[in-house]
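The values are calculated or read from the model by the stated rules, or taken from the named source; none is laboratory data. All values reported here derive from a predicted model rather than from experimental measurement. With ideal geometry, Cβ positions are generated from the backbone for all residues, glycine too; neighbour counts draw on all protein chains shown.
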Amino acid sequence: AAKRRHSGVAFASETGAEPAHEQLSLIGDMRRALAAGEFTLAYQPKLALGTGRVVAVEALVRWQHPERGSIAPARFIPFAEQTGFIREITPWVLDTAVRQAAVWHAAGLDIAVSANLSTLDLLDPHLGRRVRGLLERHGVPARRLCLEITESALMDDPALAQAHLDELAGLGIKLSIDDYGVGQASLAYLKSLPVDELKLDRSFITAITESPRNAAIVESTIMLSHALGLTVVAEGVETQAELHWLRAHGCDIAQGYVIGRPMTAAQLQDWLAAFVP
Ligand code: C2E
Ligand code: CA
Ligand code: CA
Ligand code: CA
């Protein structure tokens, strides 16, 4: 079936038309999955290009469904956002990510953990209090946590977003603009927010070494970001050529399959031990 824009999109390709009771059953299924521990987090390394050190990992949710197998977040996160169920997923994601950050902190690993927020999360008036509580409960320094927020989430209600970001930044956690370049936000607007990091969308990185136009956009975005005091992360880096280009053009951090795929916490520890920059 063709991909549809509205709720039901999550499994449309599997079952074709998605009647209302199917959608309800999907929410029920997600709730059951959360309780049953079918959601896990995979961690993908963020490599500092200047030092060759892995400075952070991004936590990405995974759903291991008993019958449907592994379900990618692109297939259920949009549905969870539309139905509001994301309000139940995000607290689990944050708790799990901060717990894991505590384990690495205790093990002496100097690695920050990033988690993704959705628009609804950013509108939640209790988000700041909740994040502070988590950090305190698990004994994690605030600078070890980074929250990634898409441009579109910020543009939904800019005034409220600003207030909530100020509160989060006040805790000392890092804030990152995700998928930068695909939305409408200007760097000038973003600079008025207390953000530390800008993640260039994968679409700009793809074919960076082939398209002079992409290269020019990325190059000028890196320069402008630095002038504004922002750390630049390139996401979706898939080739050595892209990696070399980004390093040569002053990009701070790279993330992508050529460096490391998202993996379990246990796999990441082995991967780190074997990693040679
Ligand atoms: P994102 O935040 O932009 O995450 C990056 C996505 O690109 C991840 O897909 C990652 O596995 C993938 N990726 C990383 N490196 C490469 C590469 O070199 N090439 C390619 N082609 N892809 C790469 P994933 O894990 O399937 O997640 C997709 C999206 O789902 C995320 O995009 C994010 O928007 C959302 N998402 C994932 N986990 C969460 C979560 O815990 N909460 C929320 N709200 N959204 C999440
Ligand atoms: Ca992200
Ligand atoms: Ca992204
Ligand atoms: Ca993306």
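Before moving on, here are some points about what is shown:
- Any hit, the range 196-211, residues being away from ligand 1 (no atom under 16 Å from the Cβ) and either under 20 Å from Leu49 (Cα atoms) or of a type in the set (A, V, I, L, M, F, W, C) (or both): yes
- Where helices (runs of 4 or more DSSP H) sit wholly within the range 145-231, those with at least 2 residues that are acidic (Asp, Glu) occupy 151-156, 158-171.
- Pair list, Cβ under 9 Å, 6 or more apart: the range 220-233 residue on the phi < 0 side of the Ramachandran plot, other residue loosely packed, with under 14 Cβ neighbours inside 10 Å: Leu228/Ala188
- Per-region count, the range 213-272, residues within 16 Å of ligand 1 (Cβ to nearest atom) and of a type in the set (Ser, Thr, Tyr): 3
- Residues of the range 44-87 that are touching a helix residue (DSSP H, G or I) at 6+ places or on another chain (Cβ under 7 Å), closer than 20 Å to Val258 by Cα and part of a strand (DSSP E or B): Val54, Val57, Ala59, Leu60.
Okay, residues lined up against (1) touching a helix residue (DSSP H, G or I) at 6+ places or on another chain (Cβ under 7 Å); (2) farther than 15 Å from Leu117 by Cα; (3) of a type outside the set (A, V, I, L, M, F, W, C); (4) more than 16 Å from ligand 2 (Cβ to nearest atom):
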residue	(1), (2), (3), (4)
Ser176	no, no, yes, no
Ser186	no, yes, yes, yes
Leu190	no, yes, no, no
Pro194	yes, yes, yes, yes
Glu197	no, no, yes, no
Ile205	yes, yes, no, no
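- The set of residues from the range 117-140 being within 14 Å of Phe85 (Cα to Cα) and among the β-branched types (Val, Ile, Thr) comprises just one member, Thr119.
- Criterion (hydroxyl-bearing (Ser, Thr, Tyr), within 8 Å of ligand 1 (Cβ to nearest atom), part of a helix (DSSP H, G or I) and closer than 21 Å to Leu168 by Cα) met by exactly one of Thr96, Thr90: Thr90
- Residue in the range 139-148 that is away from ligand 4 (no atom under 16 Å from the Cβ) and more than 16 Å from Ala115 (Cα to Cα) present: yes
- Residues of the range 26-71 satisfying the condition of being of a type outside the set (D, E, K, R) and within 14 Å of ligand 2 (Cβ to nearest atom): Leu41, Ala42, Tyr43, Gln44, Pro45, Ala56, Val57, Ala59, Leu60, Val61
- Considering (1) at pLDDT below 95; (2) exposed (fewer than 14 other Cβ atoms within 10 Å of the Cβ); (3) in contact with a Leu (Cβ under 8 Å, 6 or more places away or on another chain), the lone condition that Ala216 does not fulfil carries the number (3).
- Residues within the range 165-193 that are closer than 27 Å to Asp110 by Cα and either buried (at least 16 other Cβ atoms within 10 Å of the Cβ) or acidic (Asp, Glu) (or both), tallied: 14
- Of all residues in the range 112-132 being aliphatic (A, V, I, L, M) and in contact (Cβ under 8 Å) with a residue 60 or more places away in the chain, the one that is nearest to ligand 1 (Cβ to nearest atom): Val113
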